[in-house]
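Here is the structure we will look at, set down as structure tokens.
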Amino acid sequence: MKFTNLFIAPLFLALLSSAPSHASNVNQKPKKPNILFVIMDDVGIDQMKSFGYGGVPGASNPDQANQIGPRMPNMDAIAAVGVRFRNTWSMPECSPGRSVMFTGRFPLRNNIMQAIGPRDLNNSHVATWEMTTPKLLKKADYTSGMFGKFHLGGPENNQYGDGAPVSLGWDYFYGWTAGLPGTIDTTAGGVGSSGGPNGTYSCGFVPKAGDLGGANQGACYIPNATSTSCKPLSGTNADGDSVGLQCLTERGVLVPNEACQPFPPEAVEAAFSMHQNAQYVSPLVINRSRQVEEVPLRDGRGRGFRATIEANAAIQWINQQSSSGHRWMATVSFSADHTPLQPPPGNLLSPETRALVAGILAPGGACTTTGVNNKNAQLMSNALTEGMDSEFGRLLVETGIAHRNNAGTLDYNPEASNTLIVIVGDNGSLGTTVKFPFDPSRSKATAYQTGAWVPLIVSGPMVMDPGRDVNSMVNVADLFELFGEVAGIDVHQAVPRHIDSHPLLPYLTNPMQTSLRHYNFTQGGFNIQKNGSHNPPCVVPFPPGNPKPPTVPVDSRGLCSQVPTSQSVCEDNYGVWWGPGADPGNTFPGFQGVNECWQVNQALFKQLGPAEYAKQAAVQLTEIYSGIRDDNYKIVKNHSLNYKPATDSPVPNDSVEFYQINEDPGLDVKIDLATNNLIPPCANIETCNTGGLTEDQLHHWNALKQRLVSILASPPACLGDGNGDGVVNLLDIKDWAQIAVGWGGSSHYDFNFDGLTNIEDYDIIKAHLHASCSTGN
């Protein structure tokens, strides 16, 4: 177990010392509501039956029938007594979406354009000088805790490392700083390997007897910080879980068909400290004020089903705040439904879903297979989301926010608990899990509707006429303002820089409230990395079925993306890694890897020759993208680099598209499918051919184009301004000195993006001293 004390800069010490005392609030019921903020990972609007989507029940097409959305009875119950915001946009990836939620500022203002990974410099982490939600709510005497996925910065390239949550204002954090679940441990804790006698366990646990390496009994070794216990297990439990899944749920490793021994096998003992296992074993981090605890993998606190760990930690903390009289905001940032996809414990699933999961786990089955919208990924995604919903319901009951009625369904009385509940998706669904009729090829990591359109549910004591829909445009930036509004804070006055939020509370208190937004905006791109580099390429194959040339072991045709932050994340998302260290068995003999997607096609052209290349070239996904809409129309602007064989070089591939869209439920929804583009192919927004548009369409086009160009032209921060106050002055020199001497690594004072805060950055400050520029649009 590792404890560290944060290096606390004077500004951060001042922040901590200014935190209000809660002693006078003990045993007093707060007048302002407590806040429970729930973030679902990769759950887009297409998944949500309560919003009118979630697939096509009873569809005759087998592909559609496999896409029925997850069961979410507990969140549906909250939606039924709250408000469903049916026209909400987030950013198309997790870190940008979350950053916007907690700062109220679009990605172009803080350089967080894609999921934060280990290569990303601190310049693309949420800065400590940002007014985050927990800092804002401190002004109204709120205590803030976060549970689950963080993914706003660190631990790499961050002065505070795993203490990043407390550096951004949270009083308590219990979860995973980097955010993403690790890869599935196909050795199931060291008992089997791909070349071993037990084969590979694709789901990370020993399956039932009859499958390769399966068993119906065994010794379940359960580690804790200093010792290991063992319990014999036999037979499938009442929820249909194999002994392997039972043991994994109980935080252990099953040695199949063996009796308990005084000590586990050597390989299992080693796995306790070395093997992560997706949704079940992760390196937990705990922040308590200035203290950071990095929990070892063998410690039971970081073992077990993630959604259960997240709910348990939140329950304990909320109950502590309630008993002491503290006014609180708890952010429960669930890891579901992010890949890797594994089945949750059967007790969290309905009988119908258990039966579907059992079909996946039948002998010869697998948790994951490659290909867009494959059946296994669809069903496993539904199971993970349903398991999360079950833990959400348990959280409400065990904190007293809700209770179960005689029928066993959730009964939530907002007035009784004085708790505002907000539920949102962080971005659109991953392509493999998208539900019909949404477009899996235009999903997460794109500015299309399936990538940016998310569910938002708000319920609480201030909601008038509950159970209704709001169709007005909303952005997740508006959540930042909502949290301030319910705490009685004038948000725009309290934040010393430009924010992009609009009021949200009026929609709750006034059922007749008209739209407060005239446009909505989303964007994504590259984060800042050392010396201008990017995440290496990952190719997600198209569904199998077409022949490939014998010179290429794996069909190279697919979607090339630079979104996955590492090789393991690429492979967890069904992709083939083409970056440095690529496996020649997955690409072609002698291949060593490349750094950009266009270089994948360059390598293929030189390997295959022109004729075969024409059949096998990878399709490059958009690298930099943005979208803007009004009530009826939408512009999407995309940019990438494509390989041009004639010159053996990259060339820009830009597109601007224009769509008419709506939020009609079910199959009546109108989204931005490629066939619905209203203008001819266009590379430059200023020269697009709009001659075929109606007078009304042209009016919308011109207004949206002007607004998009204006937003994207928002001035960047002043060069030399490392604290985001819009001026370069002596305070920048003082702050630079503290970081350069006490840390020296990546920071917002690294102006030349070399991963260091040093004398070269000081020279840049001096060269721009007294410069002033706008901090927003």
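Among the residues of segment 267-279, is any part of a loop (DSSP other than H, G, I, E, B), of a type in the set (A, V, I, L, M, F, W, C) and either modelled with pLDDT under 95 or under 22 Å from the mean Cα position of the chain (by Cα) (or both)? Yes, that holds for at least one residue. Of everything in segment 362-378 that is open to solvent by less than 50 Å² (accessible area, probe 1.4 Å) and modelled with pLDDT of 70 or more, the residue that is farthest from G204 (Cα to Cα) is Q378.
Among the residues of segment 293-311, are any open to solvent by 10 Å² or more (accessible area, probe 1.4 Å), among the polar types (S, T, N, Q) and either touching a Lys or Arg at 6+ places or on another chain (Cβ under 8 Å) or on the phi > 0 side of the Ramachandran plot (or both)? No: zero hits.
Right, T177: open to solvent by 20 Å² or more (accessible area, probe 1.4 Å) and either more than 30 Å from M101 (Cα to Cα) or within 28 Å of the chain's Cα centre (by Cα) (or both) or not?
no
Apart from one condition, V292 fits all of (1) outside any loop (DSSP other than H, G, I, E, B); (2) out of contact with any Ser or Thr (no Cβ under 8 Å at 6 or more places or on another chain); (3) in contact (Cβ under 8 Å) with a residue 40 or more places away in the chain; the exception is (2). In summary, V709 fulfils each of the numbered conditions (1) in a helix (DSSP H, G or I); (2) modelled with pLDDT under 95 with the single exception of condition (2). Could you identify the single residue in L137, L152 that is under 27 Å from N34 (Cβ atoms), open to solvent by less than 10 Å² (accessible area, probe 1.4 Å) and assigned to a helix (DSSP H, G or I)? None of the other options fit; the residue is L137.
Criterion applied to A416, A407 was being without any contact (Cβ under 8 Å) to a residue 12 or more places away in the chain, under 22 Å from P73 (Cβ atoms), of a type in the set (A, V, I, L, M, F, W, C) and not in a loop (DSSP other than H, G, I, E, B), and the one residue passing it is A416. The criterion of at least 1 residues that are of a type in the set (S, T, N, Q), open to solvent by less than 40 Å² (accessible area, probe 1.4 Å) and out of contact with any helix residue (DSSP H, G or I) (no Cβ under 7 Å at 6 or more places or on another chain) is met by the following strands (runs of 3 or more DSSP E) wholly inside segment 572-661: 633-644, 649-660. N729 meets all of the listed conditions (1) out of contact with any strand residue (DSSP E or B) (no Cβ under 7 Å at 6 or more places or on another chain); (2) farther than 21 Å from I528 by Cα; (3) of a type outside the set (F, W, Y); (4) modelled with pLDDT under 95 but one, namely (4).
Of the residues in segment 88-96, not one is of a type in the set (V, I, T), buried (at least 24 other Cβ atoms within 10 Å of the Cβ), under 27 Å from S710 (Cα atoms) and touching a Ser or Thr at 6+ places or on another chain (Cβ under 8 Å). Going through (1) modelled with pLDDT under 95; (2) assigned to a helix (DSSP H, G or I) one by one, F438 falls short only on (2).
So, in segment 226-248, of the ones that are open to solvent by 20 Å² or more (accessible area, probe 1.4 Å) and among the small types (G, A, S), which residue ends up modelled with the lowest pLDDT? By that ranking, first place goes to S227.
Within segment 690-706, being in a loop (DSSP other than H, G, I, E, B) and more than 14 Å from I635 (Cα to Cα) holds for G691, G692, T694.
Note on segment 467-546: enclosed strands (runs of 3 or more DSSP E) holding 1 or more residues that are open to solvent by 10 Å² or more (accessible area, probe 1.4 Å) and more than 30 Å from N702 (Cα to Cα) are 468-470, 538-541. Only a single criterion out of (1) assigned to a loop (DSSP other than H, G, I, E, B); (2) farther than 17 Å from G189 by Cβ; (3) modelled with pLDDT under 95 is not satisfied by E352, namely (1).
If a residue has to be among the β-branched types (V, I, T) and modelled with pLDDT under 95 to count, how many in segment 732-777 make the cut? Reasoning before the result, please.
Taking segment 732-777 first, the residues among the β-branched types (V, I, T) are 733, 739, 741, 757, 759, 764-765, 775.
Pick out the ones that are also modelled with pLDDT under 95 and you get 775.
Looking only at that region, the number is 1.
Restrict the check to segment 325-332 and report whether at least one residue is in a helix (DSSP H, G or I) and buried (at least 24 other Cβ atoms within 10 Å of the Cβ). The answer is no; no qualifying residue exists. Among residues of segment 39-83 being at pLDDT below 80, of a type outside the set (A, V, I, L, M, F, W, C) and part of a loop (DSSP other than H, G, I, E, B), the one that is nearest to the chain's Cα centre (by Cα) is Q67.
Would you mind finding the one in N157, N111 that is at pLDDT 95 or above, open to solvent by 10 Å² or more (accessible area, probe 1.4 Å), in contact with a Leu (Cβ under 7 Å, 6 or more places away or on another chain) and within 19 Å of G722 (Cα to Cα)?
It is N157.
Residue-by-condition table, conditions (1) surrounded by 16 or more Cβ atoms within 10 Å (Cβ to Cβ); (2) in contact (Cβ under 8 Å) with a residue 24 or more places away in the chain:
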residue	(1), (2)
I671	yes, yes
P681	no, yes
I685	yes, yes
W701	yes, yes
P715	no, yes
K734	no, no
A740	yes, no
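Looking across segment 249-266 at every residue that is out of contact with any strand residue (DSSP E or B) (no Cβ under 7 Å at 6 or more places or on another chain) and outside any loop (DSSP other than H, G, I, E, B), the one that is surrounded by the fewest Cβ atoms within 10 Å (Cβ to Cβ) is identified as E266. Considering (1) surrounded by fewer than 16 Cβ atoms within 10 Å (Cβ to Cβ); (2) of a type in the set (A, V, I, L, M); (3) in contact (Cβ under 8 Å) with a residue 40 or more places away in the chain, say which one I401 fails and leave the rest. Only one criterion is unmet by I401, namely (1).
The values are calculated or read from the model by the stated rules, or taken from the named source; none is laboratory data. On a predicted model such as this, the values are computed, not experimentally measured, just so you know. Cβ coordinates were reconstructed from backbone atoms using ideal geometry, including for glycine residues, and neighbour counts include every protein chain displayed. Please note that ligands, DNA and RNA were not included when accessible areas were found on the heavy atoms of the full protein model with its side chains. Shrake-Rupley method; radii C 1.70, N 1.55, O 1.52, S 1.80 Å.
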